[in-house]
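> Just passing along the structure, written as structure tokens.
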Amino acid sequence: MSAEYLHVGIPITNKKEGMTYNEGMKIWMSNPDDYDYKIEYLKFEEGTPFPEIMHKNPHVAYKVDNADPYLEDADEIIFGPVTNDDGSRMAFIIKDNVIFELLEMK
């Protein structure tokens, strides 16, 4: 298994300048590359498919070659996996009481 750190996702209640909106997911997101510490700020809108636990807790994101071993090892899968428009696959899991985002690039 190979994982590369991408960012820390932090939920917020007020939009920050420069955030972009994903209408399908009903979420505002910042670009992690805009912050020295690779922070992705997230503002969830009503009707978002993301579970409530993500609205109040940070997550750590990793790019993985194959998400399947991580999904099998997870304590709980809380979102996905879903295939994005670019062909990548994304899932959010809980392992050892921590939320992890897995991004599998194709």
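Read-outs: derived from the displayed coordinates by stated rules, not from any lab. Every value quoted in this text rests on a predicted model; they were computed, and no experiment measured them. Cβ coordinates were reconstructed from backbone atoms using ideal geometry, including for glycine residues, and neighbour counts include every protein chain displayed.
> Under unit Cβ charges (Lys, Arg +1; Asp, Glu -1), what dipole magnitude, rounded to 20 debye, does the chain have relative to its Cα centre?
With Lys and Arg at +1 and Asp and Glu at -1, about 280 debye.
> Still on this structure: What longest range of the chain stays clear of loop-exposed GluC sites (Glu not before Pro) (DSSP non-H/G/I/E/B, at most 14 other C-beta within 10 angstrom)?
Maximal segment without exposed cleavage sites: 47-106.
> Follow-up. Tell me which of 57, 98, 87 sits at the most positive position along the dipole axis of the chain, charges placed on C-beta atoms (Lys, Arg +1; Asp, Glu -1).
With unit charges placed on the Cβ atoms, the residue in question is 57.
> ³J(HN,Hα) across the range 29-42 via Karplus (A = 6.51, B = -1.76, C = 1.60, θ = phi - 60°), whole Hz, x for Gly/Pro?
9, 8, 8, x, 6, 7, 10, 4, 9, 6, 9, 10, 7, 10
> In deg cm²/dmol and to the nearest 500, what is the mean residue ellipticity at 222 nm of the chain if only DSSP H runs of at least 4 residues count, each as -39500 (n - 2.57), divided by the residue total?
Rounded to the nearest 500, the figure is -2000 deg cm²/dmol.
> Let me ask something else. With a cut-off of 8 Å between alpha carbons and a minimum separation of six or more residues, what is the relative contact order of the chain in percent?
Over the chain, the number comes to 26 percent.
> Moving on. Please compare each pair in 43/63; 26/56; 15/43; 15/56 to a cut-off of 18 Å on the Cα-Cα distance and tell me which ones are over it.
The pairs that break the limit, which is 18 Å between Cα atoms, are 43/63.
> Working out 0.36 nm times the residue gap between residue 65 and residue 94, then minus their Cα-Cα distance, what length gain in nm do you get to one decimal?
Using 0.36 nm per residue and subtracting the Cα-Cα distance, I get 8.6 nm.
> May I ask for the percentage of alpha-carbon pairs in the range 25-78 that lie more than 18 Å from each other?
46
> If you don't mind, there's one more thing I want to ask. Report the per residue volume, in Å³, of the convex hull enclosing the C-alpha atoms of the chain.
Dividing the Cα hull volume of the chain by its residue count gives 103 Å³.
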